[in-house]
Amino acid sequence: MGVVLRLMVLLVAASCLLAGCASSRLNKSGDKLAGKQEPKPDKVLWPALPDQPRFRFAGILRAASDFVQESDNVQLMRKLTGQAASNDRPVISKPTGIAVRSGLVYVAEPAAKAVTVFDLARRKLFRFGTREPNDLKRPQAIAVDREGLVYVLDSVLRKVMVFDGIGLFQRAIDLSEGYTNPVSVAVSPDGTTLYVVDRGDLASNDHKLVAYGADGKEKFRLGPRGPEQGKFNIPLAATVADDNTLYVADTGNFRVQAFDGAGRFKFEFGKLGVEPGNFSRPRSIAVDPGGNIYVGDAGFSNVQIFNPKGDLLMPLGGLNRDPGPGNYALLAGIAVDEGGRLYINDHYFKKIEVFLPLSEDEGRELVAGQ
């Protein structure tokens, strides 16, 4: 085979690779697929057509290359030379918490002893929490307030470490006394109230949530263990809506409890079962700008979405060992940003999937155009 012919074959092969083998990736705003190959239509929209869809799959965050795109020329030369992408190595392994604000995706990673940040707007990836004397040992959970302050619960330090948006240490809240097994953290939008969830253990009744003011002093606590209103059985997560309603994933009671900003009980929803709207192992929880409640269930491997009254709107995703959109095997943290984008972390596939909300008009147009 002549030199010219061999080069043409290589160019065709490289073009095929570029056109057909790219993974689904986010553009700089995180708003749509940036890869060349998109999933099948029935795996992009939720619910799938002919029902009116409410969400569209946008892409995956796993490495810097998932939101920083190489030019076509760079990709072509890399394929021809056999070089691997310099930014294609996964940077997340088994993150336990995720929070999003202003295009910054904060991921708590115990194995890395750090917080990994996907800066979608600036197309950068960085980590913080690695500098002594305020370095992290095992970041377990994470939350962010409206001003961009980041609250990291470290289960080894037994502290909530507070950083600014780029990782500069601000202060710490000591949890060394009075806690059995702190596992999650939430913060009011204005940053005036911090909530720490203590899941306790099977041998004790110390299952609680403690609220702290901006001065670090305790405001109130809820618990202990029990099935009654205001009590918990292995609570695993909490979140706060814009109206300061506090939602707690009361895992062992198979429900979500809602409280006002002073800790007064408002309502609850959910029960043990296999039907939509029931729970198996509610593990994570988030709220969107409209007040809708998202509950990640590790037993069902899905996210169920409820309105502000606790009525089921729809489920998204499910248990599947095929690494496609909406397929989960070890669903962990979830988050919703101020634009309504949904972020779902799965340990098994080591991925964070991003979904865009669709307006009523967008959903109806998709139904009309099928």
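The values are calculated or read from the model by the stated rules, or taken from the named source; none is laboratory data. This is a predicted model, so every value here is computed, not measured. Virtual Cβ from ideal backbone geometry, glycine too; neighbours counted across all protein chains shown. Accessible surface is based on the protein model in full, side chains and every heavy atom, while ligands, DNA and RNA are left aside. Shrake-Rupley method; radii C 1.70, N 1.55, O 1.52, S 1.80 Å.
Label region 98-247 by shape, choosing from rounded, prolate and oblate, from the square roots a ≥ b ≥ c of the eigenvalues of the Cα gyration tensor; if a/c is under 1.5 it is rounded, and otherwise prolate applies when a/b is larger than b/c, oblate when it is not.
Prolate, because a/c is 1.5 or more and a/b exceeds b/c.
Taking the Cβ of Gly291 as the center, what net charge do the other residues with Cβ under 11 Å away carry, scoring Lys and Arg +1 and Asp and Glu -1?
It works out to a net charge of -2.
Quick one: grab the alpha carbon gyration tensor of region 258-366, order the square roots of its eigenvalues as a ≥ b ≥ c, and give me rounded if a/c is under 1.5, else prolate or oblate depending on whether a/b is larger than b/c.
It comes out oblate by the Cα gyration axes.
For the pairs Lys113/Lys351; Lys124/Lys350; Lys271/Lys350, flag any whose C-alpha to C-alpha distance is greater than 24 Å.
Lys271/Lys350
In whole angstrom, how far apart do the alpha carbon centroids of region 149-227 and region 241-255 sit?
So the separation of the two Cα centres works out to 15 Å.
Calculate, for region 157-305, the solvent-accessible area per residue in square angstrom, rolling a 1.4 angstrom probe over the heavy atoms of the protein chains.
With all protein chains present, region 157-305 gives 40 Å² per residue.
Taking the simple approach of a point 7 Å from Cα along Cα-to-Cβ for both Asp260 and Lys309, what is their distance in nm?
Modelled inter-label distance: 2.0 nm.
Within a Cβ distance under 13 Å of Glu338, other residues only, what is the Lys/Arg minus Asp/Glu net charge?
-2
Give me the number: length gained by fully extending Ser359 to Ser93, i.e. 0.36 nm times residue separation minus the C-alpha to C-alpha distance, one decimal in nm.
Contour length minus the Cα-Cα distance gives 92.4 nm.
Roughly speaking, to the nearest percent, how much of region 214-370's 1.4 Å accessible area is carbon and sulfur?
Taking all protein chains in place, region 214-370 shows 49 percent carbon and sulfur surface.
Between region 88-124 and region 262-340, how many Å separate their Cα centres?
After rounding, the separation between the Cα centres reads 21 Å.
Between Ala368 and Gln170, what length in nm is gained on full extension when 0.36 nm per residue of separation is reduced by their alpha carbon distance?
Extra length from Ala368 to Gln170 when fully extended: 66.1 nm.
Filter the trypsin sites (Lys or Arg not before Pro) in region 262-321 down to the DSSP loop ones having no more than 13 other Cβ atoms within 10 Å, then list what survives.
Here the sparse-neighbourhood loop sites are Arg264, Lys271, Lys309, Arg321.
If we count every other residue with Cβ under 12 angstrom of Arg158's Cβ, Lys/Arg +1 and Asp/Glu -1, where does the sum land?
Around Arg158, the charge tally is -1.
Using a 7 Å offset from the Cα along the Cα-to-Cβ direction at both Glu218 and Val274, what is the distance between the two label points in nm, to one decimal?
Result: 4.3 nm between the two label points.
Going by the alpha-carbon gyration tensor, a ≥ b ≥ c the square roots of its eigenvalues, is region 172-271 rounded (a/c under 1.5) or, if a/c is not under 1.5, prolate (a/b greater than b/c) versus oblate?
Verdict is oblate for region 172-271.
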